[in-house]
Amino acid sequence: MSPRPVILRKISNPPLITGFKPYRNGRVDEKAEGIFLQYEEYEAIRLCDHMMLNHHQASVLMAVSRPTLTRIYSSARKKIAEALVMGKKIIIEGGKIYFDSEWYSCKTCGCFFNNPEKQTELLYCPLCKSSDFSNTGDEINNY
């Protein structure tokens, strides 16, 4: 018997950063081992710890059951604790996700933005005015 397929988790906003690196003796430790925090784990931490939502409210926003949200949240906290205690890098990437709206990533300045006016076509990045941007759904491609 094969396992159940993973249901896609809804992410409201892409993370502003792609990870963290530990400091040792006042310097960034480039050789530190890494821990991969998936996008849905990042979103669970953002909703529960930053936005102060309870697990039921967060699960509704992520379009998963409350027990599933609790497992995702628990996994995220375990990974973050291990990174802090063991001095490991945190790398945010991967997961079975989709964004609740179309998000774009500017290849020039690295900012994320969406198009609130769906009727008009996006021509440039709102921050640096570059036309070199792509849909984040194309980049992430639901690992």
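In summary, Gly19 fulfils each of the numbered conditions (1) on the phi > 0 side of the Ramachandran plot; (2) in contact with a Cys (Cβ under 9 Å, 6 or more places away or on another chain); (3) not hydroxyl-bearing (Ser, Thr, Tyr) with the single exception of condition (2). If you go through the range 90-122 and pick out every residue that is touching a strand residue (DSSP E or B) at 6+ places or on another chain (Cβ under 7 Å) and open to solvent by 20 Å² or more (accessible area, probe 1.4 Å), you end up with 15.
Considering Glu30, Glu40, the condition of being buried (at least 21 other Cβ atoms within 10 Å of the Cβ) and acidic (Asp, Glu) is satisfied by Glu40 alone.
Checking each residue in the range 26-42 for being in contact with a Pro (Cβ under 9 Å, 6 or more places away or on another chain) and without any contact (Cβ under 8 Å) to a residue 40 or more places away in the chain picks out only Val28.
The values are calculated or read from the model by the stated rules, or taken from the named source; none is laboratory data. The model shown is predicted, which means the values in this text are computed figures rather than measured ones. All Cβ positions, glycine included, derive from the backbone under ideal geometry; neighbour counts span all protein chains shown. The protein model used for the area step is the full one, side chains on, heavy atoms only, and it has no ligands, DNA or RNA in it. Shrake-Rupley method; radii C 1.70, N 1.55, O 1.52, S 1.80 Å.
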